[in-house]
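A.B. asks: Pasting a structure below so you can have a look.
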Amino acid sequence: MNNLQTKHWIVDKKTDILTDNPQVKEAALWITNDEVVAFPTETVYGLGANALSDRAISKIFKAKGRPSDNPLIVHIATIEQLHNLVKGIPEKAKTLMDKFWPGPLTIVFEGDSSVSPRVTAGLKTVAIRMPDDPLALALIKEAGVPLAAPSANLSGKPSPTKAEHVLKDLTGKIAGVLDGGATGVGLESTVIDCTCNPPMILRPGGITKEQIEMVIGVVVVDKALLPNDETVTAHAPKSPGMKYTHYAPQAPFILVEGSPQFLQSLVEKEQKLGKKVAVLTTEENKHTYEADVVVACGYRRDLKTVAHHLYDSLRRFDDQDVDIIYGEAFPYSDVGEALMNRLTKAAGGQIIKEPTVTK
Ligand code: AMP
Ligand code: MG
């Protein structure tokens, strides 16, 4: 599997015609031949294979080094494709589909018995979404089958938001990558389980809890995701993937809740020990730091821009050969919820809080 000639198909989503597009057709042909192909979605790049072929699915797990107990999301281009994959469509799921599909919302349904246990990791449920990216939809339509697709990175690494990230991780291991430029949202989809009532958010992502509650009323959040909850380690997440360390750069990454001055003091301590120290910050605060590497990742006043740049910024530290990275924390509201979920995981739970000063 390490000697495939990984193809790089560049497509301009704005100007190229996607129907009958030769690059899309070639990528789809590999899919129908049970090979795996990376493609852009509005969230991150996915690593797609025919969801109906066990042989193809096993190649996804092998290429990524993904644990086999971590199920895959099935990507569809039409509602007709959904009917063959699920037992039924609950009313609230229907409302969510009408409002947010195509888009960054994955819905967990009761799975049809025909869905391969390789896709669902043996669960009775199946996770499905319709991506909001013309190239992704064109590929699924051309292949004529739903695509099981996790993020197109090596397991444990930050998800890919550019084709070059995919090529760095998976060259030689996959048939090719459809390159549609940088992805938009930059964080993975929100996963919501609609087999229970009220529905339960299993992974925060591109669509916020507030947006969901506007259309279907109260939803709950899987306890394992709640910050500062002593049950965090005791409670197994309902979404198997949430228990793994993810998104991590090579150097240790530590999240800092506190002022930029406090973070700078941590930098200086490490520099005195001869370490090469990096800081992950935002455009607003970048001039506050004197570190060996300072990466500004979007604007704090618009957390969507931070989400968009996050994984590319985390990957940049790997090229700089740093010893340790300190990152600013963000508020747990709106997109901040998903951002902090990913950052906490990238940090493997290592968070330093600034001691509160009592006057
Ligand atoms: P990734 O494909 O890497 O973005 O991860 C997909 C996420 O969806 C993982 O956290 C999986 O555990 C989760 N997932 C996929 N299928 C199911 C399912 N049937 N039930 C619960 N979570 C799921
Ligand atoms: Mg992933």
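A.B. asks: Taking the condition of being open to solvent by less than 10 Å² (accessible area, probe 1.4 Å), more than 16 Å from ligand 2 (Cβ to nearest atom) and either in a helix (DSSP H, G or I) or basic (Lys, Arg) (or both), how many residues in region 144-186 meet it?
C.D. replies: Summing the residues that are open to solvent by less than 10 Å² (accessible area, probe 1.4 Å), more than 16 Å from ligand 2 (Cβ to nearest atom) and either in a helix (DSSP H, G or I) or basic (Lys, Arg) (or both) in region 144-186 gives 1.
A.B. asks: I'm trying to understand the selection: among the residues of region 70-90, which are in contact with a Pro (Cβ under 9 Å, 6 or more places away or on another chain) and assigned to a loop (DSSP other than H, G, I, E, B)?
C.D. replies: If the condition is that a residue be in contact with a Pro (Cβ under 9 Å, 6 or more places away or on another chain) and assigned to a loop (DSSP other than H, G, I, E, B), then Asn70, Pro71, Leu72, Ile76, Ala77, Asn84, Leu85, Pro90 are the ones that fit.
A.B. asks: Please work out which residue is surrounded by the most Cβ atoms within 10 Å (Cβ to Cβ), limiting yourself to region 47-92 and to residues that are under 21 Å from Met242 (Cα atoms) and of a type in the set (A, V, I, L, M).
C.D. replies: The residue in question is Leu47.
A.B. asks: Next question, about the same structure. Tell me, which residue of region 28-39 that is out of contact with any Pro (no Cβ under 8 Å at 6 or more places or on another chain) and within 15 Å of ligand 2 (Cβ to nearest atom) is nearest to Val166 (Cα to Cα)?
C.D. replies: The residue in question is Phe39.
A.B. asks: Another question about this same structure. Residue check: is Ala236 at pLDDT below 95, farther than 30 Å from Leu18 by Cβ and part of a helix (DSSP H, G or I)?
C.D. replies: It is false that Ala236 is at pLDDT below 95, farther than 30 Å from Leu18 by Cβ and part of a helix (DSSP H, G or I).
A.B. asks: Being without any contact (Cβ under 8 Å) to a residue 40 or more places away in the chain and either more than 17 Å from the chain's Cα centre (by Cα) or within 16 Å of ligand 2 (Cβ to nearest atom) (or both): is that true of Asp302 here?
C.D. replies: Against the criterion (without any contact (Cβ under 8 Å) to a residue 40 or more places away in the chain and either more than 17 Å from the chain's Cα centre (by Cα) or within 16 Å of ligand 2 (Cβ to nearest atom) (or both)), Asp302 qualifies.
A.B. asks: Looking only at region 267-293, filter to residues that are over 15 Å from Ile254 (Cα atoms) and among the basic types (Lys, Arg); which one of those is most open to solvent (accessible area, probe 1.4 Å)?
C.D. replies: Lys272
A.B. asks: Taking only region 154-206 into account, find how many residues are of a type in the set (Asp, Glu) and free of Cβ contacts under 8 Å to residues at least 24 places away in the same chain.
C.D. replies: Counting residues in region 154-206 that are of a type in the set (Asp, Glu) and free of Cβ contacts under 8 Å to residues at least 24 places away in the same chain gives 2.
Rundown of residues vs (1) in a loop (DSSP other than H, G, I, E, B); (2) at pLDDT 95 or above; (3) within 14 Å of Pro252 (Cβ to Cβ), yes/no style:
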position	(1), (2), (3)
Val295	no, yes, no
Lys304	no, yes, no
Ala307	no, yes, no
Leu310	no, yes, no
Asp319	no, no, no
Tyr326	no, yes, yes
Phe330	yes, yes, no
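A.B. asks: Kindly check whether there is at least one residue in region 201-210 that is closer than 19 Å to Glu80 by Cβ and either within 16 Å of ligand 2 (Cβ to nearest atom) or surrounded by fewer than 22 Cβ atoms within 10 Å (Cβ to Cβ) (or both).
C.D. replies: no
A.B. asks: To continue, here is another question. Kindly indicate whether any position in region 337-346 is farther than 23 Å from Gly241 by Cβ, of a type outside the set (A, V, I, L, M, F, W, C), in contact with a Lys or Arg (Cβ under 8 Å, 6 or more places away or on another chain) and modelled with pLDDT under 95.
C.D. replies: Within region 337-346 (the criterion being farther than 23 Å from Gly241 by Cβ, of a type outside the set (A, V, I, L, M, F, W, C), in contact with a Lys or Arg (Cβ under 8 Å, 6 or more places away or on another chain) and modelled with pLDDT under 95), the answer is no, since none of the residues qualifies.
A.B. asks: Given the conditions (1) open to solvent by 20 Å² or more (accessible area, probe 1.4 Å); (2) outside any loop (DSSP other than H, G, I, E, B), which single one is not true for Ile128?
C.D. replies: That leaves (1) as the condition not met.
A.B. asks: If you scan region 112-125, which residues turn out to be in contact with a Gly (Cβ under 8 Å, 6 or more places away or on another chain) and either in contact (Cβ under 8 Å) with a residue 24 or more places away in the chain or open to solvent by less than 80 Å² (accessible area, probe 1.4 Å) (or both)?
C.D. replies: Correct list: Thr120, Leu123, Thr125.
A.B. asks: Checking Tyr332 against (1) under 21 Å from the mean Cα position of the chain (by Cα); (2) of a type in the set (Phe, Trp, Tyr); (3) surrounded by 21 or more Cβ atoms within 10 Å (Cβ to Cβ), which test does it fail?
C.D. replies: (3)
A.B. asks: Restricted to region 117-153, and to residues that are of a type in the set (Val, Ile, Thr) and under 16 Å from Ser68 (Cα atoms), which residue is farthest from the chain's Cα centre (by Cα)?
C.D. replies: Here the residue is Thr125.
A.B. asks: If you don't mind, another one. Restricting to region 239-266, name every residue that is open to solvent by 30 Å² or more (accessible area, probe 1.4 Å) and part of a strand (DSSP E or B).
C.D. replies: Correct list: Glu257 only.
A.B. asks: Could you please find all residues in region 17-69 being over 27 Å from Tyr311 (Cα atoms) and part of a loop (DSSP other than H, G, I, E, B)?
C.D. replies: Hits for region 17-69 are Ile17, Leu18, Thr19, Asp20, Asn21, Asn33, Asp34, Leu52, Ser53.
A.B. asks: If I go through region 1-16 residue by residue, how many of them are outside any strand (DSSP E or B) and within 29 Å of His308 (Cβ to Cβ)?
C.D. replies: Of the residues in that region, 7 qualify.
A.B. asks: Checking Tyr326 against (1) under 22 Å from the mean Cα position of the chain (by Cα); (2) open to solvent by 20 Å² or more (accessible area, probe 1.4 Å), which single condition isn't satisfied?
C.D. replies: Just one mismatch for Tyr326, condition (2).
A.B. asks: Sticking with this structure for a sec: Any chance you could count how many residues in region 166-203 are within 16 Å of ligand 1 (Cβ to nearest atom) and touching a Phe, Trp or Tyr at 6+ places or on another chain (Cβ under 7 Å)?
C.D. replies: Residues in region 166-203 being within 16 Å of ligand 1 (Cβ to nearest atom) and touching a Phe, Trp or Tyr at 6+ places or on another chain (Cβ under 7 Å): 5 in total.
The values are calculated or read from the model by the stated rules, or taken from the named source; none is laboratory data. Fair warning: this is a prediction, and the values are worked out from it, not measured in the lab. Because the Cβ atoms are built from the backbone with ideal geometry, glycine has one as well, and the counts that use them run over all protein chains shown. Keep in mind that these areas ignore ligands, DNA and RNA; they rest on the heavy atoms of the full protein, side chains included. Shrake-Rupley method; radii C 1.70, N 1.55, O 1.52, S 1.80 Å.
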